[in-house]
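Below: one structure, written as structure tokens.
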Ligand SMILES: *Cc1c(COP(=O)(O)O)cnc(C)c1O
């Protein structure tokens, strides 16, 4: 029996079409700007997002770091949610490598930053203070449950940011899930953004890579920063080729994952000892209750013997996250739920 891995949409393998595209990709030296497939991915990403230019990067973490280092000088400050991936899960790279200070404000239960909090965090002109340079938002908001932030909210936050002459960065690792949720093109989700990073390698199934989009001038500078961080790749067309399939085809099928997440959440409510906490976009969070038949460790092992891979959410003992993606269909969800009932009954 095949393994069913529910831990994340980062575990997705490339599809058969992607592997074929990789084998046939036309390539060149991308540091010279001569890889036609990378150039195509960058151009078409920019078009899809309604921006002038794009830059192919190795990962979402690299894309965020490059974006922040392009917007900010050393000693400048960014306003960022205290639950943001950039703050929690990127090793503080913007501080350690970019000399950029994070000024955190609370992420609200709906995944947004409160406008009051943002305005209060903006520094005045005083030489005791670092200069505020940028506001960053994450959409969908991952740690709180894959919460999609509406296009109206995104525009209002962009307007507020620009009113104060700050730059606005969107960590859009899963922006296509937000766009699918609101049935609004991604370009309309990020109209007010000065830069956006999105991941090709999560629910979109590409094996590697993210893209930054923004103005021509911004991307030209970002290209320099990518190089100094060791991110200048050569015949990267073999990676951009599956990225094109991710961008154009896989981005259009995410409603299936959202429907499957709702289906899983509903099915889990029948499992003894399991309490569904939330479901949004392609994420389901559940709690293994104190009085469940198995401890968290026993539960994980028992599920593993049924070939289902689960892991507790980082920092929590009893909280589990299940992420839906291309490789998890209804049959597999049924198998998971059946196995859970067996091990927990
Ligand atoms: C995964 C993720 C990233 C980073 O992407 P990597 O490719 O894993 O470096 C950034 N932001 C969010 C919200 C993510 O979920």
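Any read-out appearing in this document is the output of simple, stated calculations on the displayed coordinates, not a laboratory observation. This one's a predicted model, so the numbers in the text were calculated from it and none came from an experiment. Neighbour counts are summed over all protein chains in view; Cβ atoms, including those assigned to glycine, are modelled from backbone coordinates with ideal geometry.
Here are a few things to note about the model shown:
- DSSP finds beta bridges in region 16-250, and of those with both partners inside it, around 40 percent are antiparallel.
- Structural descriptor for region 1-55: relative contact order 16 percent, calculated from alpha carbon pairs under 8 angstrom and at least 6 residues apart.
- Rg then Dmax, both in Å and based on the Cα atoms of the chain: 20.7, 64.
- Value of Rg to Rh for region 188-345 (Rh from inverse mean 1/r over Cα pairs, i.e. Kirkwood): 1.09
- Relative to the dominant Cα principal axis of the chain, helix 60-71 is inclined by about 20°.
- Exposure proxy ranking for 45, 251, 305, based on other Cβ atoms within 10 angstrom of each Cβ and starting from the fewest, stands as 305, 251, 45.
- Separation between Cα centres of region 122-196 and region 204-242, rounded to whole Å: 21
- For region 1-91, the spread of Cα positions along each principal axis, largest first, Å: 46, 43, 24
- Ascending count of other beta-carbon atoms within 10 Å, so fewest first, for 35, 159: 159, 35
- The mean sequence separation of alpha-carbon pairs under 8 Å and at least six residues apart, normalised by the residue count of region 253-344, gives a relative contact order of 31 percent.
- Taking every DSSP helix (H) stretch of at least 4 residues in the chain, weighting each as -39,500 (n - 2.57) and dividing the sum by the residue count yields a mean residue ellipticity at 222 nm of -12000 deg cm²/dmol.
- In region 253-344, Rg over Rh equals 0.93, where Rg is the alpha-carbon radius of gyration and Rh the Kirkwood radius from pairwise Cα distances.
- Taking every alpha-carbon pair within region 81-158, the share separated by more than 22 Å comes to 27 percent.
- Our summary gives the chain a relative contact order of 24 percent, counting only alpha carbon pairs under 8 angstrom and 6 or more residues apart.
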